[in-house]
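> Have a look at the structure that comes next, please.
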Amino acid sequence: MVRIRSLLPDILTGINICIGFFCIILVIHASRETNAFHYNYTLSAWLIIIASLIDILDGAIARWFGKTGAFGIEFDSIADFTVFAVAPSILLYTFFYDGYSILYAIFPLFYLVAAAYRLARFNADALEASRKKIIGLGTPISAAIIVAVVLLVTDLQEQGTIQNISWGLRYAVTILILFNSILMVLPVEFITAYEYCFQSTRRVIQLLAAIVAPLLLLHFRLPSLSILLVGIIYIAESLGRWLVQRRTSQTHN
């Protein structure tokens, strides 16, 4: 029993690698001429969101069991690169840019490189004693926000609200990709997902997210909108705290 408990974080990490692999397979087999188009992309996006939740659980279990060694950090980083960097990049390109110039691949590629840089920097800083804050937007949250946009578009298409992906929508998605990518590489302190979910004391903002997100889900039947809302609140809160702390430290100096 003790052996299984100690292996549980690595098992969850392995599951995330499998999820990343199957997401890529689903996207490869998706075709705009078949009925499986929306199904494949929707399933792939939801799997990435599930993987982000597994990643949070994985980290929490590793802390509870005191299993946060070098191997676990490296193994988790490989899983994160697969499911939160490679899979979303391929998903973004095939969903929004496939059929157009190959030059549009530079935007998903920019996201991929930014995610790789973010993970490498995390590994380099992993030996620091205190990690209540993380530098740069975490790849699980970044990926969840990105694929939530894919879910939102597929939901709106199925409802008949939009028919085709307009260039205006592509430009908006491109801006979101670049913004997310920049947040991953900027030297900005973000609240860890573990702290935000389990240790945060900002009850008012969390209560707002807990109330508004289900209302959006029930009223618009768009769960992706709820995910986007939570992601936006998280980013805004983290950036707000970082700016306040930076201004306070400059004032003291």
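> Among what's in the stretch 20-55 and is modelled with pLDDT under 85 and either in contact with a Lys or Arg (Cβ under 6 Å, 6 or more places away or on another chain) or surrounded by 15 or more Cβ atoms within 10 Å (Cβ to Cβ) (or both), pick the residue that is farthest from I227 (Cα to Cα).
Only one residue tops the list, namely A30.
> Does A210 qualify as being modelled with pLDDT under 80 and either closer than 16 Å to T139 by Cα or not β-branched (V, I, T) (or both)?
So A210 fits the description; yes.
> Could you please tell me which pairs satisfy a Cβ distance under 7 Å, a separation of 6+ or placement on different chains, a first residue in the stretch 156-184 that is without any contact (Cβ under 8 Å) to a residue 60 or more places away in the chain and closer than 15 Å to T139 by Cβ, and a second residue that is part of a loop (DSSP other than H, G, I, E, B) and of a type outside the set (D, E)?
L183/G136; L183/L137
> Here's a follow-up. List pairs: first in the stretch 133-155 and at pLDDT 90 or above and in a helix (DSSP H, G or I), second surrounded by 24 or more Cβ atoms within 10 Å (Cβ to Cβ) and among the basic types (K, R), Cβ under 9 Å, 6+ apart or cross-chain?
Partner pairs satisfying both residue conditions: T139/R118; S142/R118.
> Let me ask something else about it. For the stretch 82-108, which positions are under 12 Å from the mean Cα position of the chain (by Cα) and free of Cβ contacts under 8 Å to residues at least 40 places away in the same chain?
Selection gives S89 alone.
> Let me ask something additional. Which number in (1) modelled with pLDDT under 90; (2) surrounded by fewer than 14 Cβ atoms within 10 Å (Cβ to Cβ) marks the one condition that G72 misses?
Condition not satisfied by G72: (2).
The values are calculated or read from the model by the stated rules, or taken from the named source; none is laboratory data. Fair warning: this is a prediction, and the values are worked out from it, not measured in the lab. Every residue, glycine among them, receives a Cβ derived from its backbone with ideal geometry; neighbour counts consider all protein chains shown.
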